[in-house]
């Protein structure tokens, strides 16, 4: 557990340098971008029956990078007072004083302008859905103060990309789009609960909420049930879109990996193990993407 008091040192002079900006948006760590992008790719592939437009793939890939970057800027701006009291986050640019809150707002403005530019290439329904994505991303950091399971709101924010991607392909929303959305909400809630295990003691000390704290000793059971629901929703999406047997074979393999993680969680994991388990979910998402594509053959 870290101390509330930072080591004696002169605080850095805030400067909007390329290095600080790169650190602010986590440029060196793109796991979050991959996890945001993959559900959108699920929707693009499924809605296009396995033949997604190269243009849409490029737009949504760029959009995932831009919106994930915007999301972490909003998160760090909202949590800067908390972050400096947590060992893992105390060196973030806003927490340690390397950047000022005004610098973060400026970076956010640039990122949102880039996101708006990408929307110009999409149909009107997708553009109309975009403000919801921004609203959810902006709301999430504040839910940690008031909601027992804030990871659910992260899931809503990450899942909305599936709705937008489906709309971008078909210009209307089918039941399968909402099934993918709901499955992504479950998936993100599960893997971010695992991620939150890294900070469980600091979160308890500071007094902010997380699903890891809420579920406590039953975190393994909660994650297992949420992931089971996720797989059920994905299977239903495959059924209504008439995917073939290969998709369900892939889901069975994913279920096996998730079961292994649940067993690990039941025995307790270290912060390093929790991070590794969280990172494994990027591979899970890629496998599901491959399963959806194979299922359209």
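What the table shows:
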read-out: 222 nm mean residue ellipticity, helices alone, for the chain (DSSP H n ≥ 4; -39,500 (n - 2.57); rounded to 500); value: -25000 deg cm²/dmol
read-out: Viscosity 0.890 mPa s, temperature 25 °C, Stokes-Einstein D of region 175-297 from Kirkwood C-alpha radius, µm²/s; value: 164
read-out: Average Cα contact separation per residue, the chain, under 8 Å, 6 or more apart, as relative contact order %; value: 22
read-out: Binned Cα-Cα distances of region 60-142, short to long, each 10 Å bin given as a whole percent; value: 18, 45, 26, 10, 1
read-out: Full-stretch length increase - residue 259, residue 286 - with 0.36 nm per residue and alpha-carbon distance subtracted; value: 7.9 nm
read-out: Taking only Cα atoms of region 90-196, radius of gyration then Dmax in Å; value: 16.0, 47
read-out: Efficiency of FRET between residue 252 and residue 221 - r from beta-carbon atoms, R0 22 angstrom, step 0.05; value: 0.55
read-out: For region 53-111: relative contact order, % (alpha-carbon pairs under 8 angstrom, 6 or more apart); value: 32
read-out: Protection proxy ranking, peptides 201-212, 219-230, 178-189, average beta carbon neighbours within 10 Å, highest first; value: 178-189, 219-230, 201-212
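Every number in this text was worked out from the coordinates using simple rules, so none of it is lab data. Bear in mind that the values here come from a model prediction, so they are computed numbers and not experimental data. Here the Cβ is made from the backbone with ideal geometry for all residues, glycine too, and neighbour counts use every protein chain on show.
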